[in-house]
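Some notes on the structure that comes next.
The values are calculated or read from the model by the stated rules, or taken from the named source; none is laboratory data. Because the structure is predicted, anything quoted here is derived from the model rather than measured. All Cβ positions, even for glycine, are placed from backbone atoms using ideal geometry, and neighbour counts span all protein chains on display.
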Amino acid sequence: MKILVPVKRVVDYNVKIRVKADGSGVELTNIKMSMNPFDEIAVEEALRLKEAGKATEVVAVSIGPVKTDETIRTALAMGADRGIWVKTEEAGIEPLTVAKLLKAIVASEGPSLVILGKQAIDDDCNQTGQMLAALLGWPQATFASKVVVGDGTVDVTREIDGGLQTLRLALPAVLTTDLRLNEPRYASLPNIMKAKKKPIEEKSAAELGVDLAPRLEILATTEPAGRTGGIKVASAAELVGHLKQAGVL
Amino acid sequence: MATLLFAEHDDASLNPVTARALTAALALGAPVHVLVAGANARPAAEAAAKLAGVAEVLLADDAAYAHRLAEPVAALGVSLAKDYGALVAPSTAFGKSVLPRVAALIDVMQVSDVIAVVSPDTFDRPIYAGNAIQRVRATDATKVLTIRTASFTAAGEGNAAPIRTLGAVEGAAGSSFLGEEIAASARPDLSAARIIVSGGRALGSAEQFHAIVEPLADELGAAVGASRAAVDAGYAPNDWQVGQTGKVVAPDLYVALGISGAIQHLAGMKDSKVIVAVNKDEDAPIFQVADYGLVGDLFEIVPQLKAEIAKAKA
């Protein structure tokens, strides 16, 4: 069984982003970029399934402009077998479009499982996996915290509001990862060297037959309304006095 | 064209986030129909019919919709979509799973986590864990929106909207329900609570979390939350997590105990009306958003706080 893992290049999660003064977006020049943390969890899960003998090949795919291949290399250094890079002019391709591109790649690759991060930490959309599953007509399990591959099925425990839910999906299927599914490995230096020799196939949106035109027009990007620190109080009694006065008790 | 709101419910009752999402749906300016999909879900539909501003409730009551799995509910949503100008759901685990599926099948780009309706086609939404707000205009004819319910007040009650029953729609199969572990709790639901008491890594253990955070919450009649660090350390269950990737909350009062205030956590609670922080590190970033900060040992302060609150209520 082949597993396809889409990965996204995003601003590193440790970077405190800055909104451009002219409202045109977020400052991205000379900013550290990394693989979306949820996608690292997706790569890790695919690798564990391969190491457990449940999968035969792990293919990492990413969509984006120059340097997106660095993110694919990260997946290869973790242990993915090969990469596919859908090269675009711009970053920030919308989830619906990404889902269409991935659908075309699924058609040529024929994976039994696609594992994605539940959301990217840049646009926080939380859509791509569900959209891909819909376009393929496959079952989905979002927010996975445990994955058990059976014979032609996969049992997935999901983090839902109030607790956990377990679903059984018929393969092929789409999964999206939540934080507690696993702890992703770090790529070792020898594996980083080895990853340089692994193949990355380049494709274009045109050859996949997908129109990249966005459907959402971004009018402005602004700083959120700031919140300033209040006062320090000296005791629990003083605090309760303030809370009574504020009328929140 | 009318707006279709997907209700969040558990068949027996309507989740209060539905009334908040309704406020966002009504802001689109069109009549709002509420879709209640479930099995034996009439009580939830009756509760939805009472919400002020609802024009009609659509009840799809069928075994196919038990547990509201994404595939059948999305197929139902697609079958109804052509009659609606907008499809709306709260940003819950259910809404987030179902709505993008519907959006893709009707070839619409969804707007996730709407925090403000600027006009019927223009919306504000947070990106980068709420560190930037994007204003977007949706150009698709049908709007598909998930709503960050903490940003909207709940619609009132006092209505008696008609309930129309729908038959089940042939949907894609492929998924089946095996089981669920939902923690039973007498405390209010985190996403709708008026007061939340949250604990962080400084609690040190699950036992101390239980012994320190929960009694204060119960004294206040509050829901209990946790930082990601506390959840990862196993002090609190994962559905208590407040933050970018957990629950986003905006209660009247948020009490952060031993939480340093990572940006991912602040993203989940900084819209609370009043924030209180107790932390022994006076430089902790949580104090930059707290209205009232108390520097000190939470193991000493929290029991005092509980006693003072009991006194204040007496």
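Would a scan of segment A:12-26 turn up a residue that is β-branched (V, I, T) and assigned to a helix (DSSP H, G or I)?
no
Does segment B:262-274 hold any residues that are more than 9 Å from chain A (Cβ to nearest Cβ) and within 19 Å of B:I195 (Cβ to Cβ), and which are they?
Those that are more than 9 Å from chain A (Cβ to nearest Cβ) and within 19 Å of B:I195 (Cβ to Cβ): B:H265, B:G268, B:M269, B:S272.
Which one of these is free of Cβ contacts under 8 Å to residues at least 24 places away in the same chain and more than 7 Å from chain A (Cβ to nearest Cβ): B:R137, B:R125?
Exactly one residue qualifies, and that residue is B:R125.
Only one residue in A:V5, A:V43, A:V19, A:V58 is out of contact with any Phe, Trp or Tyr (no Cβ under 7 Å at 6 or more places or on another chain), within 14 Å of chain B (Cβ to nearest Cβ) and either touching a residue at least 24 places away in the same chain (Cβ under 8 Å) or among the β-branched types (V, I, T) (or both). Which one?
It is A:V19.
For segment B:81-95, indicate whether the set of residues that are away from chain A (no Cβ under 12 Å), in a helix (DSSP H, G or I), surrounded by fewer than 23 Cβ atoms within 10 Å (Cβ to Cβ) and modelled with pLDDT of 95 or more is non-empty.
Scanning segment B:81-95, I find at least one residue that is away from chain A (no Cβ under 12 Å), in a helix (DSSP H, G or I), surrounded by fewer than 23 Cβ atoms within 10 Å (Cβ to Cβ) and modelled with pLDDT of 95 or more, so the answer is yes.
Are any residues in segment A:221-247 of a type in the set (S, T, N, Q) and either at the interface with chain B (Cβ under 7 Å from one of its Cβ atoms) or in contact (Cβ under 8 Å) with a residue 40 or more places away in the chain (or both), and if so, which ones?
Once the filter is applied, which keeps residues that are of a type in the set (S, T, N, Q) and either at the interface with chain B (Cβ under 7 Å from one of its Cβ atoms) or in contact (Cβ under 8 Å) with a residue 40 or more places away in the chain (or both), segment A:221-247 yields A:T221, A:T222.
Select from segment A:107-124 the residues that are among the charged types (D, E, K, R) and more than 13 Å from A:A141 (Cα to Cα) and list them in ascending order.
A:E109, A:D122, A:D123, A:D124
Would you call B:S175 within 11 Å of chain A (Cβ to nearest Cβ), surrounded by 19 or more Cβ atoms within 10 Å (Cβ to Cβ), farther than 29 Å from B:A222 by Cα and among the hydroxyl-bearing types (S, T, Y)?
yes
Taking segment B:244-274 as the search range and keeping residues that are of a type outside the set (F, W, Y) and assigned to a strand (DSSP E or B), which one is farthest from B:A150 (Cα to Cα)?
The qualifying residue farthest from B:A150 (Cα to Cα) is B:L257.
Determine, yes or no, whether A:L96 is hydrophobic (A, V, I, L, M, F, W, C), modelled with pLDDT of 95 or more and assigned to a strand (DSSP E or B).
no
Of the conditions (1) at the interface with chain B (Cβ under 7 Å from one of its Cβ atoms); (2) surrounded by fewer than 22 Cβ atoms within 10 Å (Cβ to Cβ), A:I121 satisfies every one except a single condition; which number is it?
Just one mismatch for A:I121, condition (2).
Inside segment B:178-207, can you point out the residues that are assigned to a strand (DSSP E or B), under 24 Å from the mean Cα position of the chain (by Cα) and at the interface with chain A (Cβ under 8 Å from one of its Cβ atoms)?
Hits for segment B:178-207 are B:G179, B:E180, B:E181, B:I182, B:I195.
Working only within segment B:208-224, note down all residues that are away from every other protein chain (no Cβ under 13 Å), in contact (Cβ under 8 Å) with a residue 24 or more places away in the chain and not aromatic (F, W, Y).
B:Q208, B:I212, B:V213, B:P215, B:A217, B:D218
Quick test of your reading of the structure: B:R194 fulfils all but one of (1) surrounded by fewer than 22 Cβ atoms within 10 Å (Cβ to Cβ); (2) farther than 26 Å from A:I231 by Cα; (3) in the same structural domain as B:Q288 (by TED's automatic domain parsing); (4) in contact (Cβ under 8 Å) with a residue 24 or more places away in the chain. Name the failing condition by number.
(2)
State yes or no: is A:R185 within 14 Å of chain B (Cβ to nearest Cβ) and either among the basic types (K, R) or under 19 Å from A:G83 (Cα atoms) (or both)?
no
Name the one entry in B:A277, B:A290 that is modelled with pLDDT of 95 or more, facing chain A (nearest Cβ under 7 Å), closer than 17 Å to A:A234 by Cβ and not in a helix (DSSP H, G or I).
None of the other options fit; the residue is B:A290.
Just name the residue that is surrounded by the most Cβ atoms within 10 Å (Cβ to Cβ) out of those in segment A:203-242 that are in contact with a Phe, Trp or Tyr (Cβ under 8 Å, 6 or more places away or on another chain) and within 22 Å of B:D252 (Cβ to Cβ).
A:L239
Can you name the number of the only condition in (1) over 30 Å from A:G137 (Cβ atoms); (2) surrounded by 14 or more Cβ atoms within 10 Å (Cβ to Cβ) that B:P162 fails?
Among (1) over 30 Å from A:G137 (Cβ atoms); (2) surrounded by 14 or more Cβ atoms within 10 Å (Cβ to Cβ), the lone unmet condition for B:P162 is (2).
What single numbered condition from (1) in contact (Cβ under 8 Å) with a residue 60 or more places away in the chain; (2) within 7 Å of chain B (Cβ to nearest Cβ) fails to hold for A:V86?
Of everything listed in (1) in contact (Cβ under 8 Å) with a residue 60 or more places away in the chain; (2) within 7 Å of chain B (Cβ to nearest Cβ), A:V86 misses just condition (2).
Please go through segment B:3-45 and give me each residue that is touching a His at 6+ places or on another chain (Cβ under 8 Å), assigned to a helix (DSSP H, G or I) and farther than 20 Å from B:A168 by Cα, ordered by number.
Once the filter is applied, which keeps residues that are touching a His at 6+ places or on another chain (Cβ under 8 Å), assigned to a helix (DSSP H, G or I) and farther than 20 Å from B:A168 by Cα, segment B:3-45 yields only B:T18.
So which residues in segment B:35-50 are in contact with a Ser or Thr (Cβ under 8 Å, 6 or more places away or on another chain) and more than 22 Å from B:A81 (Cα to Cα), if there are any at all?
Within segment B:35-50, B:P43, B:A47 meet the criteria.
Out of the strands (runs of 3 or more DSSP E) lying entirely within segment A:120-220, which hold 1 or more residues that are touching a residue at least 60 places away in the same chain (Cβ under 8 Å), under 30 Å from B:V114 (Cβ atoms) and touching a Gly at 6+ places or on another chain (Cβ under 6 Å)?
Filter on segment A:120-220 gives A:173-177.
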